[in-house]
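Scroll down for the structure; my scribbles are underneath it.
The values are calculated or read from the model by the stated rules, or taken from the named source; none is laboratory data. Source: prediction; values computed, not measured. Neighbour counts are summed over all protein chains in view; Cβ atoms, including those assigned to glycine, are modelled from backbone coordinates with ideal geometry.
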Amino acid sequence: MRSRRTKSALVVLSCLAVALLAGSGDAPAAALATSLTIPIAGTVDGSPESVSLSGSLSIVTTLVIDPLLTSPKERIAIKLVDVSGTGLTSGAQYVAVGENKLLRPLALSDQLDLMFPFYRAPDGQLSARSAMASITLKFDLVTGSLTGATATFSSPKLAG
């Protein structure tokens with residue numbers, strides 16, 4: 001009789017262990033993306049002329065929680081939308097294009113300096129120069145949602 005109780009207890013404990021290891025049975029929540037479009041403008045100095053650029057910046061963020069990571073991260077996609085400009089000397093038309101994707105630690109505020117190409121519209125991308133987009137992102141630390149952003153264009157900062 002004692003051996004029958006021991007086997008029954010082992011079966012019950014094994015089932016309990018399997019249930020605990022399997023988790024609660026709840027499916028993980030789908031990652032929630034936050035999307036925001038903001039204006040961006042500024043002047044990029046350099047040769048052959050300074051260029052005033054303006055347009056929009058599309059920002060999509062997704063909270064990434066991985067039990068193996070030490071802290072939550074934000075997957076960030078930033079894309080220029082309808083960005084164009086005018087040469088301040090010649091009046092020539094310029095266009096700026098590009099997209100950057102990043103994975104950054106979740107923080108209340110995040111400062112990004114990203115490079116995007118721009119070029120004279122008739123000359124094409126082979127004549128591209130670089131514009132620096134300085135972007136400040138604000139997040140809700142509880143939900144991981146993007147709550148606000150600002151951005152400006154400027155000349156690239158040289159290392160040194």
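Here are some notes:
- Subset of the stretch 116-132 (residues that are in contact with a Lys or Arg (Cβ under 8 Å, 6 or more places away or on another chain) and either over 17 Å from residue 157 (Cα atoms) or of a type in the set (S, T, N, Q) (or both)): 119, 127
Matching residues to (1) acidic (Asp, Glu); (2) touching a helix residue (DSSP H, G or I) at 6+ places or on another chain (Cβ under 8 Å); (3) closer than 30 Å to residue 110 by Cα; (4) modelled with pLDDT of 90 or more:
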site	(1), (2), (3), (4)
3	no, no, no, no
21	no, no, no, no
36	no, no, yes, yes
55	no, no, yes, yes
60	no, no, yes, yes
67	no, no, yes, no
74	yes, no, yes, yes
